[in-house]
Amino acid sequence: MPDRGGGPTGPRMRVGRPSRRARTLLMTLGVLAVLAMLFVMFAGFWTDWLWYRSVDYSSVFTTTLLTKIGLFAVFGLLMALAVGLNMWLAYRLRPPLSAMSLEQQSLDRYRMGLAPYRKWVLLAITALVGLIAGASASGQWRTWLMWVNGVPFGQKDPQFGLDVAFYAFDLPWYRFLLGFGFAAAVLALVAAALTHYLYGGLRVTSPGARATGAATGHLSVLLGVFVALKAVAYWLDRYGLAVKSSDFKATGNWTGLRYVDANAYLPAKTILFCIAVICAVLFFATLWRRTWQLPVIGFGLMVLSAVLIGGLYPAIVQKFQVQPNEQAKEAPYIAKNIAATREAYDIADTKAENYSGKSTVKDKSVLRANSDSAASYRLLDPNIVSPTFQQLEQRRKYYQFPATLDVDRYEGKDTVIGLRELNIRGIPKRNWINDHFTYTHGYGAIAAAGTSVDANGSPVFTESGLPSSGDLPRYEQRIYYGEKTEQYSIVGGPQKELDYDASGGEGEKTTSYQGKSGVDLSNGFNRAAYAVAFNEPQILYSGAIGDGSRILYNRTPKQRVEAVAPWLTIDGDAYPAVVDGRIQWIVDAYTTTNGYPYASRTTLGDTTADSLTSNNQTRAVIAQQNQVNYIRNSVKATVDAENGTVKLYQWDTQDPVLKTWMKAFPGTVEPKSAIGDDLKEHLRYPQDMFKVQRELLTRYHIQNPAQFYTGSDAWQVPDDPTNKDGNAVPPYYLSLKMPGQDKQQFSLTTTFTPSGRPNLGAFMSVDADAGSKDYGKIRLLRVTSDVPGPAQVQSKLNSLPSVAQFVRDLRGADSDIQYGNLLTVPLDGGFLYVEPVYAQGRNALYPLLKKVAVSYVDADQPKGDTTKDTTVFEDTLAAGLNGVFGVDGQTPPTQPPGDTEQPPANAQAALQKAIADAQKAYDDGEAALAKQDWTAYGKSQDALADALRRAAEADARLKAETPATGDKPAAGDKPAAGDKPAAGEKPAAGDKPAGD
């Protein structure tokens, strides 16, 4: 009988062996731990599904998920089979133990140790490589969907004659398959070699044969597969030359073939393809000839050929053929690059028009009159006046406006607008209930006229108050979704939200969200999932959550659009508009690719950065840092500020990339015809698209390959002269008349300076009004004379005595000066600069408009003429325009609206304009003749003939109008003081009554 007392054996056995209850408890805890981990992993998936279902885009979630699962399963299984099958085959081809060498006999202990677990080791290895390969393949879901749904571009590349869709949709998928094939071949080769070595098929140190015949044949086939894949890689590399990026000293970033690519690399790749095919056949032949001799010779030949043909030969061609005459050799390829780049960035129809920079109007009163209709000068700078909105219209500490307001149009007038959004940091008492239940939404839009201020320099509000009221139509004012709304809120349940009485006054009240937005939290399972997903246990057990509770998250417009359309690139600036009685956030979205042959690449994140985005986190740049070489503003999206509804509208109906994604995600993008008229009034040309295009046009406005190569006419985007951070000047929305237009158009504008010089090189504008027939038309005015640029105008302004005195006075009053947007407007051959100037006391909370700087620059400045190249600093815009044109405070004569290109009313002005037009036509003809552009030369000669005809007619009219009893006044003379027209006569257009 064993000792059950205090002997050593009994107690130790009872302590070392846990009881059945303890084992059951441990097993239960283990199962619960596993279930908890599984639930944590499942919670993210489940909450994502609930969110997509709540916004009615569940098809995006399911399509993306199923595609990832399919790619994971297929390529994971293929990799597992490739590795596992070759390991099994190597084991089956092992030699008998009696034939093993002493070296192999030393591995007996490893073989014996693996023997009981051989199948499990095989399964573990294959499962591991399969999981890794599957996870990598699932990340290629975009590549797969674009390949399987790709539609043709209808454009062919100039080298191989293939549709652009091959490079944009097909080639990336083929490269992925090739990379997967290489990985599978290498892993299978390594696994097979290790297995052969472990079981005696390969020897390293033993004398005699290094491999059995079976091992030789097996490994040779795998090497043959690798070399065959290399042959395929050489063949695909031929097409890859059309989208290859390289450095080209003449242009910097270059995409596509150059002379050395077409004449050296392309034939080299073809030759290497043939050699690789032969080498692969030699490897496969070892199944019958069990020797490595021929395959090794073939492989060595392929490596040597790759060095000599693929590396040395192109270097020789570049050194001795291209460099001595690079401009001529590269000219055909530069021409292809220019054409492809302009097409890929939608600037193919943009042509630089010569703009003399010399005023075509000599009468200063006419210039003054024309300045009134040339543009709607936006004095309210949306980049500066946000603190003013904040101080005057915040009304509560927990509300805020964006740092940069937006420019829109209401009833055809430029308007600065911002939403009163929730500022979570301004809540009086911060706690979980207040942050997520009580303070849930902002309230109302605030708008001000863009072209005027009141007597104190404050905005003239057209919509203000809490609740907001004014000129805007009645609309739902609650803002649950906005650029500042980044935290989640739980609404609609037992806990009430803070709100305001919309019937009038500013009395607080409570409300409960009645919308269908968000995800229902009445279900305990959903609450548990969100508690885990948001790492917030209180969601699970809080009494503030009950029947009707809904959780709102992903609340910024950009987040919502990115989530429902992950294949789009989102513009950095969403802007609000009151549409059909609701506040809608309007988001511009782009389709892109980096596979457009010959088109130069750009990094969107860098290209869209400017002086505003560098200092303003709200107005972010495009987040995409990958390089692209094709972009279209193909989608206009809206996000409802109250219920979060997201809608995607097809905007570019010809874009093949968008058509491809619409096939992949059917029903997610509504047709362009679904855009209502009210919404269309507020759509505009996007700034980020414009900034990408202007960056490309600094070089690609040049279409002559020789001139492009030299870079003699290259431009640059100037630095913003109103600050000192050295970042690019931002583009500005402005209603203005371009030369040849008879009325103002809402436009997006920018300036260029010649590379390395401060003078004005060009002016660019695009029709930004979505309702205009010319929407998206880019006008590019090349300044042919020496006209001061923005930095020079700003420098001259800073040097004015009146500005110096103003700054001294501000410093004496402990205030600072802030320069607003420096607007540039073409006016009668010259350029008008207008800049609002703000003052803000050091202890003041917001800036006020105090001065307006105006400058008119004209390259044709007669000596002593003070009406040209003049800068003034006045209290008002009217005073500034009067001062810059030398007109006193009386209202100048107005010019009736009409085509600015039509002949002026009086004969003298008509003659002057005809002579100016003749000179411009002659200059254009000389420029066209130099370029041997006979089409442009013919047009210039027609214009010259027309101008000379009008000059002759104006001269005849002038002679007929001259009184017979008096001498004809010389051109430009004015009547003597005191002269006045006879009774019943009207003064000629441009004449000024005495005393004015």
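Quick one: which residue in Val322, Val361 is among the hydrophobic types (A, V, I, L, M, F, W, C), modelled with pLDDT under 90 and either within 28 Å of Asp655 (Cβ to Cβ) or crowded, with 20+ Cβ neighbours inside 10 Å (or both)?
None of the others qualify; the one that does is Val361.
Being touching a helix residue (DSSP H, G or I) at 6+ places or on another chain (Cβ under 6 Å) and at pLDDT below 95 is the filter here; which residues of the stretch 654-667 pass it?
none
Which residues, taken from the stretch 710-746, are part of a strand (DSSP E or B) and not aliphatic (A, V, I, L, M)?
Within the stretch 710-746, Trp715, Gln716, Asp719, Tyr732, Tyr733, Ser735, Gln745, Phe746 qualify.
For the stretch 492-513, indicate whether the set of residues that are closer than 30 Å to Val40 by Cβ, touching a residue at least 60 places away in the same chain (Cβ under 8 Å) and in a loop (DSSP other than H, G, I, E, B) is non-empty.
yes
Would you confirm whether any residue within the stretch 294-301 is of a type in the set (A, V, I, L, M, F, W, C), under 23 Å from Arg238 (Cβ atoms) and surrounded by fewer than 17 Cβ atoms within 10 Å (Cβ to Cβ)? Show your work before the answer.
Kept after step one, since they are of a type in the set (A, V, I, L, M, F, W, C), are these residues of the stretch 294-301: 294, 296-297, 299, 301.
Now drop any that are not under 23 Å from Arg238 (Cβ atoms), which leaves 299, 301.
So of that shortlist, the ones also surrounded by fewer than 17 Cβ atoms within 10 Å (Cβ to Cβ) come out as 301.
Checking the stretch 294-301: at least one residue is of a type in the set (A, V, I, L, M, F, W, C), under 23 Å from Arg238 (Cβ atoms) and surrounded by fewer than 17 Cβ atoms within 10 Å (Cβ to Cβ).
Give Ala448, Ala369 a once-over and let me know the one that is in a strand (DSSP E or B), touching a residue at least 40 places away in the same chain (Cβ under 8 Å) and crowded, with 18+ Cβ neighbours inside 10 Å. Spell out how you get there, then give the answer.
On the way: Ala369 fails: in a strand (DSSP E or B).
The unique qualifying residue is Ala448.
Condition (residue is part of a loop (DSSP other than H, G, I, E, B), at pLDDT 90 or above, surrounded by fewer than 19 Cβ atoms within 10 Å (Cβ to Cβ) and not acidic (Asp, Glu)) applied to the stretch 601-619: is it met by at least one residue?
Yes.
Which condition does Lys850 not pass, out of (1) more than 35 Å from the chain's Cα centre (by Cα); (2) in a strand (DSSP E or B); (3) at pLDDT below 85, if it passes all the others?
(3)
For the stretch 37-72, which positions are of a type in the set (A, V, I, L, M), surrounded by 14 or more Cβ atoms within 10 Å (Cβ to Cβ) and over 14 Å from Asn554 (Cβ atoms)? Before the answer, list the steps.
First pass over the stretch 37-72, keeping only residues of a type in the set (A, V, I, L, M): 37-38, 40-41, 43, 50, 55, 60, 65-66, 69, 71.
With surrounded by 14 or more Cβ atoms within 10 Å (Cβ to Cβ) added as a condition, the list becomes 43, 50, 55, 60, 65, 71.
Passing the criteria: Ala43, Leu65, Leu71.
Taking Pro671 as meeting all but one of (1) modelled with pLDDT under 95; (2) in contact with a strand residue (DSSP E or B) (Cβ under 7 Å, 6 or more places away or on another chain), write down the number of the exception.
Single failed check for Pro671: (1).
The values are calculated or read from the model by the stated rules, or taken from the named source; none is laboratory data. Keep in mind that what you see is a predicted model, and the values were worked out from it rather than measured. Glycine gets a Cβ as well: all are built from the backbone with ideal geometry, and neighbour counts include every protein chain shown.
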